[in-house]
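Everything below concerns the one structure shown next.
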Amino acid sequence: MLGYILTRQRRNINGLTTLIYTGVGEEGSFTIIVDNSPSLFFIDRFTKLPKDVLYSQRKEVNLKSFNFLDVDALYFNNYNDLFNGKKILKDRGFNCYESDVLPEERYLMERFIYGSVQIDGLSTKKEDLFEFKNPRISKALYTPNFKILSFDIETGRDGTIYSIGLHGTSINGEIKEVLMRDSTKKNGEQDSYITYIEDEESLLRTFISRFKSYDPDIIIGWHVIGFDLDFIERRTNYFNIKFSIGRDNTPPTIRKNQNNNWNCFINGRVVIDGPPTLRGAFYTFDNYKLETVAKEVLGVGKDITGSGKVDEIERRFREDKKALAHYNLLDCTLVSDIFKKLDIIDLTHTRALTSGLTMDRVGLSVAAFDFLLLPLIHRKGFVAPDTKEDEGTPPGSGGLVFNSTPGFYDSIIVLDFKSLYPSLIRTFFIDPLSRILSTIDPVNTPVNIEFSRTQHILPLYIKDLMEKRASAKKDGNPHLAQSIKILMNSFYGVMGTPLSRFYNPDLSLGITGSGQWLLNLTREYLEKKGYLVIYGDTDSIFLQLKEVEKARYNSVAESITNDINSYISKYLEREFRVDSKLEIEYEKYFSKFFLPGLRGSKAGAKKRYAGLLNTANGEKLSFTGLEFVRSDWTELAKEFQYTLFSLIFQELEVDSFIKETINNLKSGKLDNKLVYKKKLTKPVSEYTKIIPPQVKAALKLGDEGKHIRDIEYVISVDGPTPLSMKTTNLDYDHYIDKQLKPIADSILPFIEKDFETVAFNKQPELF
């Protein structure tokens, strides 16, 4: 059978570690049970084992540690014995290698199974599952037609569930139902898509029954783990109902980790939660509320919003259950439509197939690096160390940012090194193996850290990934291209974090140090050619064209990139005997460009600039790092900055615009543009020493503000005030001083103007 593994787990059954893989295949749902693969880790061959280490077998293997010591494999019948054994050994000062690699992950990674699987063996049918016992499994290509269920609950102030909305796909077509609690109706009485249930206990039992009949592969929702599933679990516990929604009728395991991130394991099913998934896929919104995302993605929003939401839900439950059902189902369909519009399921599935992780873990870059590198390291004759605990944050050089001179420039081209860090890895053969074997045919880097030219893994793997990404882009497969890009770009970060077993500061320094050297080399080359390099950041160079070149900026820019690539290639061949995999590209052209200064300094700011960007549809104003693109500034500030910069770039008069903006502000015409939107990183009660404005606003909401994570507020004469607490007593002087003046002060001095003079006819002080 061809299939796709949705979940992986291990259990201790009859004293043996039993690996269980559950998923969906071409003939239906399946589970693979493996109880003939003992858990293991590695120890130094000279280790004398204490008697209280309950291993089943010790075996010499042809592998070495990164310190070139011979190792033995130590096998255990079950994971409990393994866990206790490694603790005993570590407590007594012995080395353990890969003792933190989970057996259910090791079994797949060593077979290069990244999710899709070919199952060969006999099966038995148990309820709706094909069960395979110790079959032969191998990597395959298979993409199921996933059954997806979006669900959402509505709850009351009394801590009970009022209704549960369901929307999705099943083998019988579209699912569209609301289970509504109503003591005046008979159980199962229906009205359109509404099914009435007499009491909460029956509601929960009906939901579990419906869930099993729909048999989804993927569950989606908005905060569906931390709210909906967690709430249902607590209510089923209250009624002593078994919350058996796993494919083997087991209940879910719901946990919140130390970073307040929720995860949920449901055997044979995957839960994909909207907000963290969007963040992990690099989507950005002002906030990740369903209302905000739905309006931006779909152009429609929720049925009930704002501070009166709870009261309106209570009213509808008492007086208008059909309206409550409409609201409940709409939340479900909004989630379904967002996932469909952004193609989140396909992107997540593709990232899983690329990384080897399950679909709910695709953001774990360290785990993905392990899945890739461990089996390849073994085949090179080595075992990896355990991940060290609490190593602290390592010193890191990061990308180079050039010092700049603030002011106006024209005819600026931006050149960008394509996939800089992966290309440096390929060029200088940088990876964990090549570092420990650096004495074999060594290659030096610009920062005098050597790597092996012939003994390496990552450079060839990245070459393969780059070729696959190019093919994906050519074939119109953006999700594969994006997945590969995310994976490749994660390699540098993984090798530079102590959270990885492959952490070595030489690796990250070899990459970032070489990147800094390359940026400086490029600047020196351009300056010798007579160009003014005005700015540079990590992988980008900003340079001003010569006067005679400005009319031909596109062709000149392409010529410059060709010259740079040729120069770098020859330089690396001559000085380092390497074949350059580096490629600089012409990225964009600004006809006019502005670099702001640091406040209170003559130096230029870093990672902050604006300009008139040339596009296929003409010129447009572009901002990077400035207030216009920052979500924590008001619409007043953003619109003011956009218009002010636009006028200045067009060399138009600005005084009247500034005065008009202030007059409109003070007259109340801009009141709807004065809202701050901020995040609270912890409960308001935990802010004790310093209480920022957003927390002060939240405190005014009383109980409602205790647990919110996002807040909209204005500044009134009474201080920060939640938007929901309507106020007309706004502090306009605050907005002038804190929103308009800083923006104006960042650019007006460069056209010999002063905000106070323009706005209020004040004469600037001479001394």
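The values are calculated or read from the model by the stated rules, or taken from the named source; none is laboratory data. Please read all numbers here as calculations on a predicted model, not as lab measurements. Don't worry about glycine lacking a Cβ; one is built from the backbone with ideal geometry, like all the others, and counts go over all protein chains shown.
Considering each of VAL53, VAL24 in turn, give the residue that is outside any strand (DSSP E or B), assigned by TED's automatic domain parsing to the domain that holds GLU110 and buried (at least 21 other Cβ atoms within 10 Å of the Cβ). Let's see the steps before the verdict.
Numbers: VAL24 fails: outside any strand (DSSP E or B).
Just a single option satisfies the conditions, and that option is VAL53.
Within 23 Å of the chain's Cα centre (by Cα), part of a helix (DSSP H, G or I) and not hydrophobic (A, V, I, L, M, F, W, C) - does that describe any residue in the range 424-446?
Taking every residue of the range 424-446 in turn, none turns out to be within 23 Å of the chain's Cα centre (by Cα), part of a helix (DSSP H, G or I) and not hydrophobic (A, V, I, L, M, F, W, C).
For the range 468-476, indicate whether the set of residues that are over 24 Å from the mean Cα position of the chain (by Cα), among the acidic types (Asp, Glu) and within 30 Å of ASN562 (Cβ to Cβ) is non-empty.
Taking the range 468-476 as the starting set, the residues that turn out to be over 24 Å from the mean Cα position of the chain (by Cα) are 471, 474-475.
Checking the rest, the ones that are also among the acidic types (Asp, Glu) come to 475.
Adding the requirement that they be within 30 Å of ASN562 (Cβ to Cβ) leaves 475.
For the range 468-476, residues over 24 Å from the mean Cα position of the chain (by Cα), among the acidic types (Asp, Glu) and within 30 Å of ASN562 (Cβ to Cβ): present.
So which of SER601, SER591, SER569 ends up being of a type in the set (S, T, N, Q), farther than 20 Å from ASP410 by Cβ and not in a helix (DSSP H, G or I)?
Details: SER591 fails: farther than 20 Å from ASP410 by Cβ; SER569 fails: not in a helix (DSSP H, G or I).
Selected residue: SER601, the only one of SER601, SER591, SER569 that is of a type in the set (S, T, N, Q), farther than 20 Å from ASP410 by Cβ and not in a helix (DSSP H, G or I).
Tell me, please, whether a residue that is touching a Leu at 6+ places or on another chain (Cβ under 8 Å), surrounded by 19 or more Cβ atoms within 10 Å (Cβ to Cβ) and of a type in the set (Val, Ile, Thr) can be found in the range 645-652. I'd like the intermediate steps shown before the answer.
Of the range 645-652, the ones touching a Leu at 6+ places or on another chain (Cβ under 8 Å) are 645-646, 649.
Now narrow it down to the ones that are surrounded by 19 or more Cβ atoms within 10 Å (Cβ to Cβ): 645, 649.
Applying the additional criterion that residues be of a type in the set (Val, Ile, Thr) yields none.
No, every residue in the range 645-652 fails to be touching a Leu at 6+ places or on another chain (Cβ under 8 Å), surrounded by 19 or more Cβ atoms within 10 Å (Cβ to Cβ) and of a type in the set (Val, Ile, Thr).
ASN12 passes all but one of (1) outside any strand (DSSP E or B); (2) exposed (fewer than 14 other Cβ atoms within 10 Å of the Cβ); which number fails?
(1)
Out of ASN62, ASN80, ASN84, which single residue is in contact (Cβ under 8 Å) with a residue 40 or more places away in the chain, in a helix (DSSP H, G or I) and surrounded by fewer than 20 Cβ atoms within 10 Å (Cβ to Cβ)?
On the way: ASN62 fails: in a helix (DSSP H, G or I); ASN84 fails: in contact (Cβ under 8 Å) with a residue 40 or more places away in the chain.
ASN80 is the lone residue from the list that is in contact (Cβ under 8 Å) with a residue 40 or more places away in the chain, in a helix (DSSP H, G or I) and surrounded by fewer than 20 Cβ atoms within 10 Å (Cβ to Cβ).
I'm told LYS125 meets every condition in (1) more than 35 Å from the chain's Cα centre (by Cα); (2) within 18 Å of ARG247 (Cβ to Cβ); (3) of a type in the set (D, E, K, R); (4) part of a helix (DSSP H, G or I) except one. Can you identify the failing condition by its number?
Here LYS125 clears every test but (4).
Could you give me the residue pairs with C-beta distances under 6 Å whose first residue belongs to the range 339-362 and is under 19 Å from TYR21 (Cα atoms), whose second residue is at pLDDT 95 or above and part of a loop (DSSP other than H, G, I, E, B) wherever it lies, and which are 6+ apart or on separate chains?
Between residues of the range 339-362 that are under 19 Å from TYR21 (Cα atoms) and residues that are at pLDDT 95 or above and part of a loop (DSSP other than H, G, I, E, B), the close pairs are ALA352/GLY115; LEU353/TYR114; LEU353/GLY115; GLY356/TYR114.
Working only within the range 282-305, note down all residues that are farther than 15 Å from ASP331 by Cβ and either outside any helix (DSSP H, G or I) or of a type outside the set (Asp, Glu) (or both). Spell out the reasoning first.
Of the range 282-305, the ones farther than 15 Å from ASP331 by Cβ are 282-287, 296, 299.
Passing the criteria: PHE282, TYR283, THR284, PHE285, ASP286, ASN287, GLY299.
Here are the criteria: (1) out of contact with any Pro (no Cβ under 9 Å at 6 or more places or on another chain); (2) more than 23 Å from ILE736 (Cα to Cα). Tell me which single one PHE628 does not satisfy.
The failed condition is (2).
Does VAL629 fit the bill of being of a type in the set (Val, Ile, Thr) and out of contact with any Ser or Thr (no Cβ under 6 Å at 6 or more places or on another chain)? Break it down into steps so the answer makes sense when it comes.
Numbers: of a type in the set (Val, Ile, Thr): yes; out of contact with any Ser or Thr (no Cβ under 6 Å at 6 or more places or on another chain): yes.
Spelling it out, VAL629 is indeed of a type in the set (Val, Ile, Thr) and out of contact with any Ser or Thr (no Cβ under 6 Å at 6 or more places or on another chain).
When you scan the range 343-355, do you find a residue that is of a type in the set (Gly, Ala, Ser) and surrounded by fewer than 17 Cβ atoms within 10 Å (Cβ to Cβ), even just one? Break it down into steps so the answer makes sense when it comes.
The first filter runs over the range 343-355 and keeps only residues of a type in the set (Gly, Ala, Ser), leaving 352, 355.
Add one more test, that the residue is surrounded by fewer than 17 Cβ atoms within 10 Å (Cβ to Cβ), and what stays is none.
The answer is no; no qualifying residue exists.
Mind checking which strands (runs of 3 or more DSSP E) fall wholly inside the range 138-227 and carry at least 3 residues that are under 31 Å from the mean Cα position of the chain (by Cα)?
Numbers: elements: 148-155, 161-170, 173-181, 194-197, 218-221.
Those strands (runs of 3 or more DSSP E) span 148-155, 161-170, 173-181, 218-221.
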